[in-house]
Amino acid sequence: MAVMAVSQPPAGYYLEAEGKTGVELKQALHDIIKGHTESTYTALWTHFVATDSTADGMVWDMYSDIPGGTPPYIFTFGTNQCGSYQKEGDCYNREHSFPRSWFGGEIMPMYTDLFHLYPTDGWVNNKRGNYPFGVVASATWTSLNGSKLGSNSWPGYSGTVFEPVDAYKGDFARTMLYMAVRYYGEDGSWPGSDMVTGAEPKSWAVSMLLHWHNTDPVSQKETNRNNAVYGIQNNRNPFIDKPEYAVAIWGDPTSVSETASAATRPVLYPLPAKESVTVSFPEYFKGEAVIRIISLTGRDIKSIVAPYSETIEIDFGDTPPGTYLLILRVGPHRYSYLLPVIK
């Protein structure tokens, strides 16, 4: 099947998401990427040739690949398609990285959504089963490329998890974040799991996925795959195109939820900021303001604690141009803003 790849999203693709954060951004992205073109389950075998080929045309299996090293085995499209298997390296199959039991089984369009389906070793896929992703302290089983099964050491959940190798943790994190946005508001009947409520990652999983997202940034492999899937499904993974959206939606996973409507939120001006930005508070805000400015990769830029005032001016004279996340807390209220800085 011929697939037209593009080098970037079409002009204006994310226009309706501009300037939004939190739930507003999640809803906007959902509206942009929903209603994708569905494939049949059989067609996935063919689509994988377009979406998951190595440079030499072999299967790019994240459960067996060793980036920078020599994989223990390599699959040929078609020839090594499962079938039955007795051990690692026998064949590859169609892995729902967001397990289908989490959304109720063979239900469309989730069942064939290529953004969470990958060609992977059948034996490793079976070992992973429907366990959550996680961080394994002591492995009960380890694959030939170093993927692990064992109890979770990431705070918040101690059950059995599957840990992919470091080089592909970001890929799977952005897959999970895609599912949370693509099926936002459509997941009310999903059984969920120890990792997700509906399509939404639980708090322990959010913190881990954001960590993976930041420490394993978008690769050329993911960019190429995003383009290929777009040619098939006519939708994209926003977290590959614009990694900053992850922080803009979920922010600091240890903080409280955003409160108050847009009409009563503190206001930032001017935007984009140049030398400074002013935060203007509604009159009912009387508490101390705690402001944190972070880069979109999670690096702290500024931290400010200010007593109550109708306005607070933040100096950006020494801050390089770029887009930052401003997190504001006043009492029980928390707000986050995308903050462009230009010079």
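Just so it is clear, none of the values below were taken in a lab; they were calculated from the coordinates. Since this is a predicted model, take the numbers as computed values, not measurements. Methodologically, a virtual Cβ is constructed for each residue, glycine included, from the backbone with ideal geometry; neighbour enumeration extends over all protein chains shown.
Taking amide H positions as modeled 1.01 Å from N, with prolines and chain starts lacking one, the residues under 5 Å from residue 135 and 5 or more places away or on another chain are 153, 154.
Hey, what's the Kirkwood Rh for the chain if you take every pair of different alpha carbons, in angstrom?
For the chain, the Kirkwood estimate is 21.5 Å.
Summary value for region 262-341: 32 percent relative contact order, contacts being C-alpha pairs under 8 angstrom separated by 6+ residues.
Write out the GluC sites (Glu not before Pro) in region 47-129 meeting two conditions: DSSP loop, and at most 12 other Cβ atoms within 10 Å of their Cβ. Provide the component values of the computation, followed by the final result.
Working: sites: 88, 95, 106; in loops: 88, 106.
When the GluC sites (Glu not before Pro) of region 47-129 are filtered for loop state and at most 12 Cβ neighbours within 10 Å, 106 remain.
Charge dipole of the chain (Cα centre as origin; +1 on each Lys and Arg Cβ, -1 on each Asp and Glu Cβ, all else neutral): 180 debye, rounded to the nearest 20.
Set Lys and Arg Cβ to +1 and Asp and Glu Cβ to -1, take the dipole of region 262-341 about its Cα centre, and tell me which of 337, 303, 272 lies farthest positive. The Cα lying farthest towards the positive end belongs to 337.
Were the residues from residue 49 through residue 234 laid out at 0.36 nm apart, the gain over their Cα-Cα distance would be 64.9 nm. The stretch between residue 56 and residue 343, if pulled fully straight at 0.36 nm per residue, gains 98.9 nm over its current Cα-Cα span. With the convex hull drawn over the C-alpha atoms of region 262-341, the volume per residue is 88 Å³.
GNM on the chain, alpha-carbon springs under 10 angstrom: the most fluctuating residue among 48, 162, 316 is 316. In terms of other Cβ atoms within 10 Å, 102, 45 run from fewest to most in the order 45, 102.
A cut-off of 5 Å between modelled amide H atoms, ignoring neighbours fewer than 5 places along the same chain, links residue 276 with 316. Can you tell me which of 292, 225, 236 moves the most in a GNM of the chain? Springs connect C-alpha atoms under 10 Å apart. Its mean-square fluctuation being the largest, the pick is 292. Take the Cα of residue 108, step 7 Å along the line toward its Cβ, and report every residue of region 41-55 whose backbone nitrogen sits under 16 Å from that point. Within reach of a label on residue 108: 41-45. Scattering from region 103-260 was approximated by placing one identical point on each alpha carbon and applying the Debye formula without solvent; log10 I(q)/I(0) at 0.15 1/Å stands at -0.85.
Applying 0.36 nm per residue to the separation of residue 86 and residue 141 and subtracting their alpha-carbon distance, the gain on full extension is 18.2 nm.
Based on Cα contacts under 8 Å between residues 6+ apart, the chain shows a relative contact order of 16 percent.
Put in line by how crowded their Cβ is, counting other Cβ atoms within 10 Å and starting with the fewest, 303, 97 read 303, 97.
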